[in-house]
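The values are calculated or read from the model by the stated rules, or taken from the named source; none is laboratory data. Quantities reported herein were computed from a predicted structural model and do not represent experimental measurements. Note that we place each Cβ from the backbone using ideal geometry, even for glycine, and neighbour counts take in every protein chain shown. Protein only, heavy atoms only, side chains kept; ligands, DNA and RNA dropped before computing areas. Shrake-Rupley method; radii C 1.70, N 1.55, O 1.52, S 1.80 Å.
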Amino acid sequence: MLEAKIDTHTHTIASIHAYSTLMENIQIAKKKSLTGLAVTDHAPGLGIGETFPKSYFGNMRKAIPEVVDGLRIIKGVEANVMDHDGNLDLPTSTFEKLDLVIASCHEKVVKPATIKEHDKIWENIAKNPWVDIIGHSGNGNYDFSHEKIIKLFKEYDKIVEINSSSFPYRKNARKNCRDIALLCKKYRVKVTISSDAHFATDIGNFTESLNMLEDIQFPQELIVNRNLDTLLEALPKIKK
Ligand SMILES: [Zn+2]
Ligand SMILES: [Zn+2]
């Protein structure tokens, strides 16, 4: 049975359109027997009044203990891809203060375009040393050349996110995630399973992703968040 013990993509009230505090998320994570929790609120590129400014992200390591109530807290961000060149919305000086960086395309920030443009985004993101995780990769509004780009993620050692909350509402996410996961299996690319929770009760909700990965007999050893040690090992920015 495949499993994941750390949720690597979660939001708090700092994301404005999310509804729980970090402490509430921690309580649910504990209840579900997770061993770690990454807090990854939306970076400021989402728009003024949509999320917190960069000072919120720069202070996390200082303000939040490494372990809270027995749970390892990983301080991260969901950065926004701002344009088709794959530029992100936080400076290096903020990225270097964080443990984990997810890069995601959101419709209100970067306009969906052609497969060629989306390939260019991910080609540049693959080369960005600050990015750890490719956020909700299965979003059908940003279709890309799966085989070519997944091979590039392998070359640059990126982690591909299989985002459970995408399945019901992102265009073609079910089919795309399956297709992407099959390529990750073929080329031995690391993946992470996440909830993308915007409310505490959703923390650790990996059911849809795990079912799909079981279905394609995905190798457990490629799931970086299968336990805390393997996740920390896969995050070069983290101080162990
Ligand atoms: Zn959000
Ligand atoms: Zn997102």
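Yes or no, residue by residue, for (1) open to solvent by 20 Å² or more (accessible area, probe 1.4 Å); (2) within 15 Å of ligand 1 (Cβ to nearest atom); (3) assigned to a helix (DSSP H, G or I):
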site: 138; (1), (2), (3): no, no, no
site: 149; (1), (2), (3): no, no, yes
site: 154; (1), (2), (3): yes, no, yes
site: 157; (1), (2), (3): yes, no, no
site: 162; (1), (2), (3): no, no, no
site: 171; (1), (2), (3): yes, no, no
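Does residue 190 fit the bill of being away from ligand 2 (no atom under 16 Å from the Cβ), under 13 Å from the mean Cα position of the chain (by Cα) and among the charged types (D, E, K, R)?
Judged against the criteria, residue 190 is a match.
Residues considered: 14, 43, 29. Of these, the only one that is of a type in the set (A, V, I, L, M), within 15 Å of ligand 2 (Cβ to nearest atom) and over 17 Å from residue 104 (Cα atoms) is 14. Within the stretch 54-70, being assigned to a loop (DSSP other than H, G, I, E, B), free of Cβ contacts under 8 Å to residues at least 12 places away in the same chain and either aromatic (Phe, Trp, Tyr) or open to solvent by 80 Å² or more (accessible area, probe 1.4 Å) (or both) holds for one residue alone: 66.
When the stretch 88-119 is filtered for residues that are part of a loop (DSSP other than H, G, I, E, B) and either free of Cβ contacts under 8 Å to residues at least 12 places away in the same chain or within 13 Å of ligand 2 (Cβ to nearest atom) (or both), the ones remaining, listed by number, are 89, 105, 106, 107, 108, 109, 110, 111, 114.
Are any residues in the stretch 119-134 touching a His at 6+ places or on another chain (Cβ under 8 Å) and open to solvent by less than 50 Å² (accessible area, probe 1.4 Å), and if so, which ones?
Taking the stretch 119-134 and keeping what is touching a His at 6+ places or on another chain (Cβ under 8 Å), we get 120-121, 133.
Matches in the stretch 119-134: 121, 133.
Restricting attention to the stretch 15-38, the residues that are within 17 Å of the chain's Cα centre (by Cα) and within 13 Å of ligand 1 (Cβ to nearest atom) add up to 2. In the stretch 190-205, the residues that are under 10 Å from residue 164 (Cβ atoms) reach residues that are aromatic (Phe, Trp, Tyr) and away from ligand 1 (no atom under 14 Å from the Cβ) with C-beta atoms within less than 6 angstrom, at least six apart or across chains, in these pairs: 193/206. Cβ-Cβ contacts under 7 Å between residues 6 or more apart (or on different chains), taken from a first residue in the stretch 130-152 that is more than 21 Å from residue 101 (Cα to Cα) and acidic (Asp, Glu) to a second residue that is open to solvent by less than 10 Å² (accessible area, probe 1.4 Å) and modelled with pLDDT of 95 or more, are listed as 143/118.
Residue 48 satisfies every condition listed in (1) open to solvent by 10 Å² or more (accessible area, probe 1.4 Å); (2) in contact with a helix residue (DSSP H, G or I) (Cβ under 8 Å, 6 or more places away or on another chain) except (2). For residue 229, indicate whether it is open to solvent by 30 Å² or more (accessible area, probe 1.4 Å), part of a helix (DSSP H, G or I) and in contact with a His (Cβ under 8 Å, 6 or more places away or on another chain). The answer is no for residue 229. Considered as a group, the residues in the stretch 173-204 that are within 15 Å of ligand 1 (Cβ to nearest atom) and under 19 Å from residue 224 (Cβ atoms) include one that is surrounded by the most Cβ atoms within 10 Å (Cβ to Cβ), and that residue is 194. Screening residue 85 with (1) more than 16 Å from ligand 2 (Cβ to nearest atom); (2) touching a Cys at 6+ places or on another chain (Cβ under 9 Å) gives one miss only, at (2).
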